[in-house]
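**Student:** Before I ask anything, let me first share the structure, which is written out below as structure tokens.
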Amino acid sequence: MSEAIVCDHIQLVETAGYSSKGNQLKWKNDQKWYKADYMGYEGLAEVLVSRLLKKTMVKNFVEYSFADLVYHEQNYHGCSSDDFLSDEEELITVGKLYRRYSGHELAKELAQITEVEERICFMTGEIESITGLEHFGRYLSVLLTIDAFFMNEDRHTNNIAVIHNSRTGAYRYCPYFDFGLSLFSDITTDYPVNKSIEECRNKIEAKPFDRDFDIQLDAAENLYGQHVKFDFTIKDALSEIREFESRYDRAILTRVEEVLRYQILKYEYLFYKKEKQ
């Protein structure tokens, strides 16, 4: 196992407002970000999702690695990733960006719109108008596909972002990031490991356009098409999960395996290779 990163003297970054479930311990040091597990097995989720995204047609995403962290003499599992911003760049969430230009809250504006497709169109139009970016709808469609498959419950308007260059004024797309609250990783409050997968599925809610992952995804695909294909099998996924055995309990790994088996069959149309029933 790699040497633990001691974070007592590394800059601790406040994350209030960026998660619907509170503040996660987060540090930056030597152009790397470190995040500690907070609700359960977020580090597992981040690393596994990024490894499986390597086996897709998606290219612009953050790659996460395992990290063992020490903070105030407390040991944590977690993950690390490279800083993808230059010195001249700032990550701006769509919620903050819309508020900066309109003076209104994007989430509240979306809540006033009845139809899911209209909500997606509204966000797309506003962000394209502010930033000059093209094909933001396609970007959202990819994001909602990944979120639906891995069941990421934390995709609120302050967890979708673009990148702004302060020198040139130009915007660019942010890599797909922050999948820590996927795969029922919150075992502290909502999805304890003794809760059945069916109970977890009945409880989980999507964001930001509808509470149902499939309603969001269908709306985005109807508007902007399908832009994700997965190229892995359950065997590939299980091979990746085995590397987590020294860090996480078998009950957690078994749950993740069960979730991925179900999702691969449910979203068969997203795969190049079809699983045998």
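**Student:** Heavy-atom accessible area per residue, the chain, 1.4 Å probe: how many Å²?
**Tutor:** Here the per-residue accessible area is 48 Å².
**Student:** For the range 118-268, I need the span (max minus min coordinate) of the C-alpha atoms along each principal axis, in Å, sorted largest to smallest.
**Tutor:** Answer, in whole Å and largest first: 49, 33, 32 Å.
**Student:** Kindly report, to the nearest 10 Å², the accessible surface of residue 5 as traced by a 1.4 Å probe over protein heavy atoms only.
**Tutor:** 50 Å²
**Student:** From the helices alone, meaning DSSP H stretches of at least four residues, give me the mean residue ellipticity at 222 nm for the chain, per-run term -39500 (n - 2.57), in deg cm²/dmol to the nearest 500.
**Tutor:** Calculated at 222 nm, the ellipticity per residue is -11000 deg cm²/dmol.
**Student:** Sorted from largest to smallest, which semi-axis lengths in Å does the alpha carbon gyration tensor of the range 20-117 give for its equivalent ellipsoid, taking the root of 5 times each eigenvalue? Could the numbers behind the result be given before it?
**Tutor:** Numbers: eigenvalues 170, 64, 55 Å².
In descending order the semi-axes read 29, 18, 17 Å.
**Student:** So, taking all protein chains as they sit and a 1.4 Å probe, how much accessible area belongs to residue 271, in Å² rounded to tens?
**Tutor:** Around 10 Å² of this residue is reachable by solvent.
**Student:** Any aspartates and glutamates with Cα under 14 Å of the residue 96 Cα? List them, leaving off those in the same chain fewer than 8 positions away.
**Tutor:** 105, 109, 126
**Student:** Mind jotting down the three principal axis lengths of the range 162-231 based on Cα atoms? Whole angstrom, largest first.
**Tutor:** Over the range 162-231, Cα extents along the principal axes are 52, 30, 27 Å.
**Student:** Where the only charges are on Cβ atoms (+1 Lys, Arg; -1 Asp, Glu), what is the dipole of the chain about its Cα centre, to the nearest 20 debye?
**Tutor:** Once rounded to the nearest 20, the dipole reads 460 debye.
**Student:** Distance check, please: which entries in 26/108; 235/266; 59/229; 55/235; 54/195; 35/229 exceed 21 angstrom between their Cα atoms? Before the final figure, lay out the partial values.
**Tutor:** Working: 26/108 28 Å; 235/266 16 Å; 59/229 11 Å; 55/235 13 Å; 54/195 30 Å; 35/229 29 Å.
Over 21 Å Cα-Cα: 26/108; 54/195; 35/229.
**Student:** Sticking with this structure for a sec: Take the Cα atoms of the chain, find their three principal axes, and give me the spread along each one in whole Å, biggest first.
**Tutor:** Result, largest extent first: 51, 48, 31 Å.
**Student:** If all Cα-Cα distances of the range 70-160 are sorted into 5 Å bins from 0 onward, what percent lands in each bin, rounded to whole numbers?
**Tutor:** 3, 10, 17, 22, 19, 11, 8, 5, 4, 1
**Student:** Would you tell me the accessible area of residue 104, worked out with a 1.4 angstrom probe on the heavy atoms of the protein chains, in Å² to the nearest 10?
**Tutor:** Approximately 100 Å² of residue 104 is accessible to the 1.4 Å probe.
The values are calculated or read from the model by the stated rules, or taken from the named source; none is laboratory data. Since the structure is predicted, the reported quantities are computational estimates derived from the model, not experimental observations. We place every Cβ from the backbone using ideal geometry, glycine too, and count neighbours over all the protein chains shown. Calculation scope for accessible area: heavy atoms of the full protein, side chains included, ligands and nucleic acids excluded. Shrake-Rupley method; radii C 1.70, N 1.55, O 1.52, S 1.80 Å.
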